[in-house]
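Student: Before anything else, here's the structure in question.
The values are calculated or read from the model by the stated rules, or taken from the named source; none is laboratory data. Given the structure is predicted, the values throughout are model-derived calculations rather than measurements. When we count neighbours, we look across all protein chains shown, and the Cβ atoms used for this are built from the backbone with ideal geometry, even at glycine.
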Amino acid sequence: MIRYKITDKDRETQYQNMLRATDNYNAENINQVGNLKASKIRSLVNAYIIMETYKNKSKVAYAGEQFPNEILFPFDIRPLNIESMAAFFARSDAIEKFLKVTEENNLARDICTNIRSSFGIALANCYPTPDIIMVNNHPCDCLAKLAYIMADFYDKPYLALDVPNYLNDDSISYLVKQFKSIMKDIERLTNIKYNEEKFTKVIDYSNQAKEYFINTVKLTEKYRLPEISRELYEIFATNPWGLKEAVDICKTLYEEAFELSKKLDSNEKWKKVLWVGQLPNHTFEIIEYLEKHVEIIYWGALMDSNMYLLDKEEPFKSLAIRSILYMWNTDRFKKSITDVYNRFKMDGIIIINAWGCRNLQGLSQMLRVFATENNIKYLTIDADYMDRNNYAFSHVKNRIDAFLEII
Amino acid sequence: MRDILESIVNMNEDRINSLKRINKPRMGWISIYTPEEILYAAGITTFRITGERGINTTDANALLSNNYCSYVLSCLSEGIDGVYDFAEGVIFVDACDMRKRLYEAWTRNLKLNYSFFIELPRDINKLSREYYKLQLHNLRKSLETHFDLKISEENLSDAIKTFNKSRKLLQQMYELRKSDFPLISGNDAINIVKASTCGLREEFNEKMDILLKKIEDAQIRTGKLKKHRVMMCGSYFDNSDIIDVIEKTGAILVCEDISNGIKYFEGQINENNEPIDAIADYYLDKATCARMLDINKRFEHLYKLIQEYNVDSVIYFSLKFCDTNLMDYPIIRKKLNEKGIPVLFIEGEQHMTNIESIKTRIQTFLETRMY
């Protein structure tokens, strides 16, 4: 069946569709959000934000991974990352139906599963209708294409943020101009007046949250705090920078990390492994298995771009720099991993190639060369967190066991 | 007519030997968004890296990934095998994720005297035009520095005229394929377009002048049996076996909306505008490649060609793992079906290994349409 235009755009209907799709949601997973107070707050805030996006009165923008949400918050627009939402749906049995519907609609199975599932969820009319679509090219070609397709699908306007690959005066200036132009376009499309005071506040919240985040990272550098490390990644993945709630979450996490660090047995030594690549939910079998044997440090949360603080005097310029730093790039990738590897005194690296992620596949091969040259023990795993046709734990486990023996 | 046609086709087949004989700096390119005119104006011979000789991609797989588009892997294989060691360098364009990684793998692992990476916007607007123009000015400056020369406005204008002439000649050749009884086969057409990218620009233009005159003289022939007209669109494509399969069914390939077809030579650069501005506008205005965001623009362009060439069936060819074309396909198919145009989707590698299964699918698709 081919269906490319949403006819029923009522968010209440879509909310009911979403509930039906998640009817058999793995409830056990929900209860295992984690023992940390920060994790619970983050989970509640996420749930609240998602619920709000299904309300007809809300202004909703689809915004991809690493989109600078700080430019949306001054307009009280709620950004929805449909790729992250797909990860949420991945915990329910419905994910298989969503993937099937994409095949019925001629989307190739070679495309990254995150994109395929997002497409399937939209086809099943389980996302809330957006008011506007922000197209950013940060993670990949497919996500940018998907955003455009969604604009066509819901018949809604899109605004493209074209992020260059290399950091220089020209690319920064190009992005600054785009931000200013996008702000005007948002005003025009939503009839919401830009409020400079709110924007300043948003930048302030973004930095406050980041400072707690960075201080927490420093604690994980010194102490074995696996749950904290995991939560840092979860926060990074939700891209909450600019929300007041993000300050609360990061502050709580820092306080918890500080308290936990005081209670640790300093004689307890665990091998440390750097996890490079996308992260599945914490009950995914690879993670559960590894966590019994080693301490995992999640690189994504430690990316230089993610630690970058915004300049209150020149917010657009600093947003531009951060945006470019988020682009995949071999030199930055290698530098960042080397830095983290040395600072955290790692014992090995696990590189995860998520099915269909061309950027990471290309970069990880180069990382292998780097690891070999520097006598770093590494393991490369091909995995798919959503489509079981592309992955079997039994095969991966043999390789993990061999890697654990080596380190 | 056949002699001159074969002479042009041979230009493509003999491209490496010809390029080696040229006593000028030579520069390879991988995306049709490369502004060849600027390089030509600097006295550089430009040629497309085709990946034709990169059949064994084992080493390239190790530097990138098995799950990469075979055109990208084959191009890198050619680099690894030293096929282009005679060249001064390669111009890369941000034409897709895999080509970005190709740029990094190539420049880090293989010795190049010169390379340049052009950032290409996905969405065409005033700001992205300005930025692309800036990229082209930077390329000009970079070439001037590297080769210690000055690229004058006159050099640029002359280059634009030369390339516009090639475009016009190719457009005239394709125009003749709109006839009910075209004399140029699909394989010949693709080989001619590829010949235009083999570095012998003036020779190509001269030979094309002769060929077109000969075709025009011969084109007055008519016949009784009008053939089923097929269009090819999608990824990088130059697989002669697939075209043979299509044409052996009794159908004829009349148009290729691909980078080895119309997408390479359509339109003209405005010779009256400031040269760099005109070059930038030309490349961005023909933004109908799958890499660009606007699928609707791509579809409208495709549909216009279908009407102009009186196409009966469309074959959408995507290289395996060519994400941008794979993402566009469901939408393009839907829109074509709404217009009553049937589409066959073929996914393959540049150096096809499963031609038999593809043959069966093409035969079944076309025969059910034709008889």
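Student: Given the options A:328, A:270, name the one that is more than 30 Å from residue A:182 (Cα to Cα) and of a type outside the set (Gly, Ala, Ser).
Tutor: A:270
Student: Within region B:341-371, take every residue that is aliphatic (A, V, I, L, M), more than 13 Å from residue B:317 (Cα to Cα) and modelled with pLDDT of 90 or more and give me the one that is surrounded by the most Cβ atoms within 10 Å (Cβ to Cβ).
Tutor: The qualifying residue surrounded by the most Cβ atoms within 10 Å (Cβ to Cβ) is B:366.
Student: Select, from B:367, B:347, B:356, B:271, the only residue that is of a type in the set (D, E, K, R) and in a strand (DSSP E or B). Explain how you work it out, then say what you get.
Tutor: Values: B:367 fails: in a strand (DSSP E or B); B:356 fails: in a strand (DSSP E or B); B:271 fails: in a strand (DSSP E or B).
Of B:367, B:347, B:356, B:271, the one residue that is of a type in the set (D, E, K, R) and in a strand (DSSP E or B) is B:347.
Student: For region B:87-104: of the residues being among the hydrophobic types (A, V, I, L, M, F, W, C) and touching a strand residue (DSSP E or B) at 6+ places or on another chain (Cβ under 6 Å), which is surrounded by the most Cβ atoms within 10 Å (Cβ to Cβ)? Spell out the reasoning first.
Tutor: First, pick out the residues of region B:87-104 that are among the hydrophobic types (A, V, I, L, M, F, W, C): B:87, B:90-93, B:95-96, B:98, B:102.
Remaining after also requiring touching a strand residue (DSSP E or B) at 6+ places or on another chain (Cβ under 6 Å): B:87, B:90-93.
Working: B:87: 23, B:90: 24, B:91: 26, B:92: 22, B:93: 23.
Restricting to residues being among the hydrophobic types (A, V, I, L, M, F, W, C) and touching a strand residue (DSSP E or B) at 6+ places or on another chain (Cβ under 6 Å), the top hit is B:91.
Student: Here are B:316, B:303: which of them is of a type in the set (Phe, Trp, Tyr) and buried (at least 20 other Cβ atoms within 10 Å of the Cβ)?
Tutor: Just a single option satisfies the conditions, and that option is B:316.
Student: Kindly list the number of the only condition in (1) within 13 Å of another protein chain (Cβ to nearest Cβ); (2) at pLDDT 95 or above; (3) outside any helix (DSSP H, G or I) that fails for residue A:328.
Tutor: (2)
Student: Look through A:95, A:77 and report the one residue that is closer than 30 Å to residue A:196 by Cα, more than 10 Å from every other protein chain (Cβ to nearest Cβ) and not basic (Lys, Arg). Walk me through it before giving the result.
Tutor: On the way: A:95 fails: closer than 30 Å to residue A:196 by Cα.
After ruling out the rest, the residue left standing is A:77.
Student: In region B:89-102, what count of residues is obtained for those that are more than 9 Å from every other protein chain (Cβ to nearest Cβ) and in a helix (DSSP H, G or I)? Please lay out each step first, then the result.
Tutor: Within region B:89-102, the subset more than 9 Å from every other protein chain (Cβ to nearest Cβ) is B:89-93, B:95, B:99.
Among the residues that remain, those that are also in a helix (DSSP H, G or I) are: B:99.
Matching residues across region B:89-102 total 1.
Student: If residue A:127 passes every condition in (1) more than 20 Å from the chain's Cα centre (by Cα); (2) in contact (Cβ under 8 Å) with a residue 24 or more places away in the chain; (3) crowded, with 16+ Cβ neighbours inside 10 Å but one, which one does it miss?
Tutor: Only one criterion in (1) more than 20 Å from the chain's Cα centre (by Cα); (2) in contact (Cβ under 8 Å) with a residue 24 or more places away in the chain; (3) crowded, with 16+ Cβ neighbours inside 10 Å is unmet by residue A:127, namely (1).
Student: Also: Pull up region B:15-29, narrow it to residues that are outside any helix (DSSP H, G or I) and touching a residue at least 60 places away in the same chain (Cβ under 8 Å), then point me to the one that is farthest from residue B:146 (Cα to Cα).
Tutor: Step by step, filter region B:15-29, then rank; the result is B:22.
Student: Inspect all residues belonging to region A:340-351 and state whether any of them is touching a helix residue (DSSP H, G or I) at 6+ places or on another chain (Cβ under 9 Å), within 14 Å of chain B (Cβ to nearest Cβ), under 24 Å from residue A:293 (Cβ atoms) and buried (at least 19 other Cβ atoms within 10 Å of the Cβ).
Tutor: Scanning region A:340-351, I find at least one residue that is touching a helix residue (DSSP H, G or I) at 6+ places or on another chain (Cβ under 9 Å), within 14 Å of chain B (Cβ to nearest Cβ), under 24 Å from residue A:293 (Cβ atoms) and buried (at least 19 other Cβ atoms within 10 Å of the Cβ), so the answer is yes.
Student: Surrounded by fewer than 24 Cβ atoms within 10 Å (Cβ to Cβ), over 24 Å from residue B:185 (Cα atoms) and either hydroxyl-bearing (Ser, Thr, Tyr) or within 22 Å of the chain's Cα centre (by Cα) (or both): does that describe residue B:77?
Tutor: yes
Student: Identify, please: which residue in region A:149-169 is assigned to a helix (DSSP H, G or I) and not aliphatic (A, V, I, L, M) and is, among those, modelled with the highest pLDDT? Talk me through it step by step, then tell me what you get.
Tutor: Initially, region A:149-169 is screened for residues assigned to a helix (DSSP H, G or I), giving A:149-154, A:169.
If we keep only those that are not aliphatic (A, V, I, L, M) as well, we get A:152-154, A:169.
Details: A:152: 91, A:153: 92, A:154: 94, A:169: 97.
Here the answer is A:169.
Student: Quick one: is residue B:210 modelled with pLDDT of 95 or more, within 21 Å of the chain's Cα centre (by Cα) and farther than 19 Å from residue B:305 by Cα? Quick ask: steps written out before the conclusion?
Tutor: Numbers: modelled with pLDDT of 95 or more: yes; within 21 Å of the chain's Cα centre (by Cα): no; farther than 19 Å from residue B:305 by Cα: yes.
Considered against the rule, which asks whether it is modelled with pLDDT of 95 or more, within 21 Å of the chain's Cα centre (by Cα) and farther than 19 Å from residue B:305 by Cα, residue B:210 comes out as no.
Results for (1) under 26 Å from residue A:139 (Cα atoms); (2) free of Cβ contacts under 8 Å to residues at least 60 places away in the same chain; (3) within 14 Å of another protein chain (Cβ to nearest Cβ), shown as yes or no for each residue.
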{"position": "B:64", "(1), (2), (3)": "yes, yes, yes"}
{"position": "B:79", "(1), (2), (3)": "no, yes, no"}
{"position": "B:87", "(1), (2), (3)": "no, no, no"}
{"position": "B:119", "(1), (2), (3)": "yes, yes, yes"}
{"position": "B:129", "(1), (2), (3)": "yes, no, yes"}
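Student: Here's something else I'd like to know. Tally up the residues in region A:362-396 that are touching a residue at least 40 places away in the same chain (Cβ under 8 Å), within 13 Å of chain B (Cβ to nearest Cβ) and part of a helix (DSSP H, G or I), please.
Tutor: The qualifying residues number 3.
Student: Could you check how many residues of region A:97-114 are more than 13 Å from residue A:385 (Cβ to Cβ) and in a helix (DSSP H, G or I)?
Tutor: Looking only at that region, the number is 7.
Student: Still on this structure, please answer the following. Return yes or no: is residue B:329 of a type in the set (Phe, Trp, Tyr) and either in a loop (DSSP other than H, G, I, E, B) or under 30 Å from residue B:153 (Cβ atoms) (or both)?
Tutor: no
Student: Can you tell me which of (1) out of contact with any His (no Cβ under 8 Å at 6 or more places or on another chain); (2) within 25 Å of residue B:324 (Cα to Cα) is the one residue B:89 doesn't meet?
Tutor: Every condition holds for residue B:89 apart from (2).
Student: Related question: Can you work out which of the residues in region B:278-315 that are touching a Cys at 6+ places or on another chain (Cβ under 7 Å) and within 14 Å of chain A (Cβ to nearest Cβ) is modelled with the highest pLDDT?
Tutor: First, the residues of region B:278-315 that are touching a Cys at 6+ places or on another chain (Cβ under 7 Å): B:291, B:302, B:305, B:309, B:311, B:314.
Narrowing further to those that are within 14 Å of chain A (Cβ to nearest Cβ): B:291, B:314.
Values: B:291: 94, B:314: 98.
Here the answer is B:314.
Student: State the number of residues belonging to region A:132-146 that are at the interface with another protein chain (Cβ under 8 Å from one of its Cβ atoms), over 16 Å from residue A:326 (Cβ atoms) and touching a strand residue (DSSP E or B) at 6+ places or on another chain (Cβ under 8 Å).
Tutor: Number of matching residues: 0.
Student: What pairs can you find where one residue is in region A:136-164 and aromatic (Phe, Trp, Tyr), the other is in a helix (DSSP H, G or I), and their Cβ atoms are less than 7 Å apart, with a gap of 6+ or different chains?
Tutor: Once the first residue is aromatic (Phe, Trp, Tyr) and sits in region A:136-164, its partners that are in a helix (DSSP H, G or I) give A:148/B:295; A:153/A:122; A:158/A:147; A:158/A:148; A:158/A:151.
Student: Among the residues of region A:172-188, write down those that are closer than 26 Å to residue A:331 by Cα, surrounded by fewer than 22 Cβ atoms within 10 Å (Cβ to Cβ) and among the hydroxyl-bearing types (Ser, Thr, Tyr).
Tutor: A:173
Student: Next question. What is the residue count in region A:61-82 for residues that are under 11 Å from the mean Cα position of the chain (by Cα), within 22 Å of residue A:19 (Cβ to Cβ) and buried (at least 22 other Cβ atoms within 10 Å of the Cβ)?
Tutor: 1
Student: Let me ask something else about it. Does residue A:101 fit the bill of being surrounded by fewer than 23 Cβ atoms within 10 Å (Cβ to Cβ) and either farther than 21 Å from residue B:96 by Cα or out of contact with any Asp or Glu (no Cβ under 6 Å at 6 or more places or on another chain) (or both)?
Tutor: yes
Student: Going through region B:26-77 one residue at a time, which ones are among the β-branched types (Val, Ile, Thr) and more than 26 Å from residue B:285 (Cα to Cα)?
Tutor: B:55, B:57, B:58
Student: Can you tell me which of A:337, A:351 is outside any helix (DSSP H, G or I) and touching a Phe, Trp or Tyr at 6+ places or on another chain (Cβ under 9 Å)?
Tutor: Only one candidate qualifies: A:351.
Student: Working carefully through the options A:214, A:182, A:172, find the one that is away from chain B (no Cβ under 14 Å), assigned to a helix (DSSP H, G or I), over 19 Å from residue B:324 (Cα atoms) and at pLDDT 95 or above.
Tutor: After applying the criteria, what remains is A:214.
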